[in-house]
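See structure below.
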Amino acid sequence: MAHQPTTTSINRAAFLRSLGMSAAALSALYFQGCTKSDSVVADPTDGTDSAGVAVGNTNPGTGKIDFTLDLTRPENAKLKTAGQFVTVGGVVVANTKNGTYVAISNECTHDGGPLWYRISQDDFRCPWHGGLFNTDGSVKMAPPRTAEQLYKTTLSTDKNTLYVTG
Ligand code: FES
């Protein structure tokens, strides 16, 4: 008779996120522990952690994503510029190359790494093993095999508030 598992397993990144670590802190921690020199490549894009200034649920693990970003706040103002992104809890929000906002899960479907938007390639890159995702969430380059979760973004008419749901 087979034994049924009685515990829930989560990957390392999900566990660290549950402790409240930001994407930047996760990246730093991973870089320290990584021994494969070809598995980590620094990304020139500058991300910001805006988890502390979002209003609403930013964590996919605690229910439906539903939060608001005030783009007039210093932590979020960079999102008014194409190519910039912020990490908001478990979500990365980017103002993409064509000026549209994309919100995507900040947990790589390969092994849970963070994602960074790159305007030059118009994609999201995972620094852990170099996986790439298109802005529609589909896999652009392995090792990931599964598409990322996308969330709906709605910009207010005055362009000062961004709503993310899904
Ligand atoms: S965790 Fe391996 S490519 Fe993202």
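Annotations for the structure displayed:
- Separation of alpha-carbon centers, the range 61-113 and the range 121-146, rounded to whole Å: 16
- Mean Cβ count within 10 Å, highest first, over the residues of peptides 86-97, 124-135, 67-78, 148-159: 86-97, 124-135, 67-78, 148-159
- Potential extension, S120-S156 segment - 0.36 nm per residue separation minus Cα distance: 10.3 nm
- Between the beta carbons of K80 and M141, assuming R0 = 41 Å, the FRET efficiency works out to 0.90 to the nearest 0.05.
Computed from the coordinates by the stated procedures, all read-outs in this text should not be read as laboratory data. Every value quoted in this text rests on a predicted model; they were computed, and no experiment measured them. Counting neighbours? That spans all protein chains shown, and the Cβs are built from the backbone with ideal geometry, glycine included.
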